[in-house]
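Working notes, structure below.
The values are calculated or read from the model by the stated rules, or taken from the named source; none is laboratory data. Since the structure is predicted, the reported quantities are computational estimates derived from the model, not experimental observations. As a convention, Cβ positions derive from the backbone with ideal geometry for all residues, glycine included, and neighbour counts pool all protein chains shown. With ligands, DNA and RNA removed, areas are computed over all heavy atoms of the protein, side chains included. Shrake-Rupley method; radii C 1.70, N 1.55, O 1.52, S 1.80 Å.
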Amino acid sequence: MIPLHMSAEVAEARRAGTPVVALESTIITHGMPSPQNLDTARKAEAAVRGAGAVPATIAVLKGQLHIGLTDKELQILSLARDVMKLSRADLPIAIAAGKTGATTVAATMIAAHFAGIEVFATGGIGGVHRGADQSFDISADLRELSLTPVSVVAAGAKAILDLPKTLEVLETFGVPVIAVGQDEFPAFWSRNSGLAAPLRYDRVEALALTHRMRRKVGLSGGQLIANPIPEADEIPFAEMQIAVETALADAQAQGIAGKAVTPFLLTRIYDLTAGRSLKANIALLLNNARLAAGIARELSKIGS
Ligand code: PSU
Ligand code: MN
């Protein structure tokens, strides 16, 4: 038996068939500084509730796979040191070894599916890193989207990545990339990336219907729902490029590699933008939480 620990609220929602939205925890432990990380995790849960669904923040605490955290557990995680960053490869290792770990997009999708949750809100997904032709650094998030039937609501992918190559890999893997309400693929802090999104939907009903249709057609994998940051909160693409270039140069100079790359770049960009990047990050996450709750509600209505 897997040491699965579902919060009472999530267990009840699953029993009753009420909408649930999964939330990841790497954003708390590796994606944001303290104390904004705890504050944001709480606000993301509140945003899901406010939009009519139950939030299920996912993490491994001392070897227990938690689907839904109490406020106390959120607090512990937000302050914990040496928390593992868990992707597909690491999830069973942390559970077997009794460790504490935060789940990335890939691991959160796996855990959500395991718990019967179909919709997941995050900030940005991992993707193909710049210089991947040399480093081969491609996030496991992309492959997970092709394997696990969870719709992931994200504000696109960060401009620290190679966005054209990220879209190409998603296409190769057969992952539908759907921009919401605009033709362009959004670039996290910015609504625009200069790249056309492969698909565009303007209605939440359509997002839920295609999610359901994938299963009916017998396809594995989920959808990437690319929800642009609200206009009032965005930082223009050209402006972010300066911070991104500097952060990337620093990472290279310091020989940062593997799992450490994304957290390093996020922290560096936070410093370089004097915290503006974080403010935008929080706004887009809450925006994604609301949309994800809407999709989860729609899926409950449609039924299985
Ligand atoms: N992108 C962000 N913020 C994040 C992450 C990505 O804008 O916090 C985290 C997510 O958990 C994502 C992970 O799944 O980083 C990707 O890491 P990697 O590139 O090592 O696969
Ligand atoms: Mn990587």
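The figures follow:
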| item | result |
| --- | --- |
| Residues being free of Cβ contacts under 8 Å to residues at least 12 places away in the same chain and closer than 19 Å to Y201 by Cα - total across region 213-244 | 1 |
| In region 163-194, the residues that are of a type outside the set (F, W, Y) and closer than 16 Å to I269 by Cβ | L163, A187, S190 |
| Selection within region 168-181 - crowded, with 16+ Cβ neighbours inside 10 Å and farther than 14 Å from R130 by Cβ | L170, V175, P176, V177, I178, A179, V180 |
| Subset of region 102-135 [within 16 Å of ligand 2 (Cβ to nearest atom), of a type in the set (G, A, S) and buried (at least 20 other Cβ atoms within 10 Å of the Cβ)] | A102, A106, A107, G124, G126, G127 |
| Residues that are among the β-branched types (V, I, T), within 21 Å of A292 (Cβ to Cβ) and assigned to a loop (DSSP other than H, G, I, E, B), drawn from region 218-260 | I229 |
| Evaluation of P230 against (1) within 16 Å of ligand 1 (Cβ to nearest atom); (2) open to solvent by 30 Å² or more (accessible area, probe 1.4 Å); (3) under 21 Å from T122 (Cα atoms); (4) in contact with a Leu (Cβ under 8 Å, 6 or more places away or on another chain) (one fails), failing number | (1) |
| Single condition N192 does not satisfy, out of (1) out of contact with any Asp or Glu (no Cβ under 7 Å at 6 or more places or on another chain); (2) more than 15 Å from ligand 1 (Cβ to nearest atom) | (1) |
| Matching residues, region 219-263, being at pLDDT below 95, touching a strand residue (DSSP E or B) at 6+ places or on another chain (Cβ under 7 Å) and over 23 Å from A283 (Cα atoms) | K259, V261 |
| Tally of residues being acidic (D, E) and either within 13 Å of the chain's Cα centre (by Cα) or farther than 23 Å from A106 by Cα (or both) across region 16-52 | 2 |
| A197, sole failed condition from (1) open to solvent by less than 50 Å² (accessible area, probe 1.4 Å); (2) touching a helix residue (DSSP H, G or I) at 6+ places or on another chain (Cβ under 7 Å) | (2) |
| Subset of region 143-162 (residues that are touching a Gly at 6+ places or on another chain (Cβ under 7 Å) and crowded, with 24+ Cβ neighbours inside 10 Å) | L145, S151, V152, A154, A155, G156, A157, K158, L161 |
| Residues that are open to solvent by 10 Å² or more (accessible area, probe 1.4 Å), in contact (Cβ under 8 Å) with a residue 12 or more places away in the chain and of a type in the set (G, A, S), drawn from region 42-63 | A47, G50, A51, G52 |
| Close pairs from region 136-155: first under 17 Å from T103 (Cβ atoms) and away from ligand 2 (no atom under 16 Å from the Cβ), partner open to solvent by less than 30 Å² (accessible area, probe 1.4 Å) and among the polar types (S, T, N, Q), Cβ under 6 Å, at least 6 apart | S151/Q223; V153/N227; V153/N288; A154/T122 |
| Of all residues making up region 69-90, the number that are crowded, with 20+ Cβ neighbours inside 10 Å and farther than 20 Å from A41 by Cβ | 1 |
